[in-house]
Amino acid sequence: NAIALLETAVELDPAFAEAWAELARATYFLPQYMPVADADPYLDRSIDAAGKAIALDPDLPRAYLAKAGVHSYRGEFAETYRSLSKAQELDPRDADIIGALGYYWSYTGHTERALPFVEIALSHDPINVTNTFMLGVAKMNAGDIEGAEQLLARALQDGHTPAALILPQIAALKGDRTTAVQRFSSGFEMANPALTAQFSGGADAASMAKLIGEALYGTDENALMLVRG
């Protein structure tokens with residue numbers, strides 16, 4: 001719906017730089033949450049829209065934020081950081097930009113550096129469930145397991161389904177393998193249908209979820225061999 005509205009906006013006003021930037025962001029987000037066979041066309045469209053926004057307004061911070069998202073999705077981390085740094089330089093108070101910097105540092109393994117960014121982003125925008133999720137991940141990586149579990153459970157309750165695939169790790173870190181397997185099985189069924197189909201390979205999704213959960217967190221030594229097979 002967002003993409004359709006934004007496409008109408010730029011059709012009505014091709015010089016509307018902010019609409020091009022938000023179209024870039026919406027197009028980048030779609031393959032993360034919707035079942036698509038190939039993300040590349042969406043990423044290409046996102047980069048194109050961000051480029052149009054920057055051509056119209058070279059000082060538009062959220063256009064660089066959109067570019068950073070595509071680069072991150074593609075594993076282009078140097079380009080991600082350059083785009084995020086430019087976005088922050090242009091608007092150091094934007095909660096989405098602050099949060100994206102936190103996600104970047106967390107994803108690249110710099111947990112202590114990530115935490116203050118994600119905490120600030122959540123304080124600026126407390127109803128953004130992605131900030132709740134990422135702070136939970138950062139706290140887990142920093143060793144605050146109880147704090148992480150509370151945040152991730154809240155994110156899942158608020159509808160952020162990726163949290164369902166991180167909560168099993170929390171149970172495993174607490175030494176509860178049975179709960180970890182159960183949580184993974186439930187979380188797998190909530191995941192992006194394209195992801196579920198990719199891993200289940202046409203098999204019954206619930207059975208495959210239990211098998212993968214056992215391979216990752218359980219005690220069944222045969223499960224890992226079956227998943228690899």
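The values are calculated or read from the model by the stated rules, or taken from the named source; none is laboratory data. Remember, it's a predicted structure, so these values are computed and weren't measured experimentally. Every residue, glycine among them, receives a Cβ derived from its backbone with ideal geometry; neighbour counts consider all protein chains shown. Surface areas here come from the heavy atoms of the whole protein model, side chains and all, with no ligands, DNA or RNA. Shrake-Rupley method; radii C 1.70, N 1.55, O 1.52, S 1.80 Å.
Observations on the model:
- Dividing the summed -39500 (n - 2.57) terms of all DSSP H runs of n ≥ 4 by the residue count of the chain sets its mean residue ellipticity at 222 nm at -24000 deg cm²/dmol.
- Förster radius 41 Å - calculated FRET efficiency between LEU173 and ARG93 (Cβ-Cβ, nearest 0.05): 0.75
- Cα convex hull of region 1-138, projected area averaged across orientations, nm²: 8.1
- Computed over protein heavy atoms with a 1.4 Å probe, the accessible surface of region 1-105 works out to 50 Å² per residue.
- Highest to lowest packing among 13-22, 65-74, scored as the average C-beta count within 10 Å: 65-74, 13-22
- Of the residues GLY143, ILE47, THR161, the one whose Cα sits farthest towards the positive end of the charge dipole of the chain is GLY143 (charges of +1 on Lys and Arg Cβ, -1 on Asp and Glu Cβ, taken about the Cα centre).
- What a 1.4 Å probe finds exposed on region 66-141 is 52% carbon and sulfur by accessible area, rounded to a whole percent.
- Selection from ALA121, PRO14, TYR104, by position along the positive dipole direction of the chain (Cβ): TYR104
- In a simple Cβ point-charge model (Lys, Arg +1; Asp, Glu -1; nothing else charged), the chain has a dipole of about 480 debye relative to its Cα centre.
- Virtual spin-label span in nm between ALA142 and ARG82, 7 Å along Cα→Cβ: 3.1
- Reach of LYS67 by Cα under 17 Å, taken over lysines that are not fewer than 8 positions away in the same chain: LYS52, LYS86
- The lysines whose alpha-carbon is closer than 21 Å to the alpha-carbon of LYS139, local same-chain residues fewer than 8 away aside, are LYS174.
- FRET efficiency, THR111 to MET34 (Cβ-Cβ, R0 30 Å, nearest 0.05): 0.50
- A simple charge model with +1 on the Cβ of Lys and Arg, -1 on the Cβ of Asp and Glu and nothing else charged puts the dipole of region 81-137 at about 160 debye relative to its Cα centre.
- Separation of alpha-carbon centers, region 94-109 and region 1-71, rounded to whole Å: 19
- Our estimate of slack between ALA153 and LEU5, defined as 0.36 nm per intervening residue step minus the Cα-Cα distance, is 50.1 nm.
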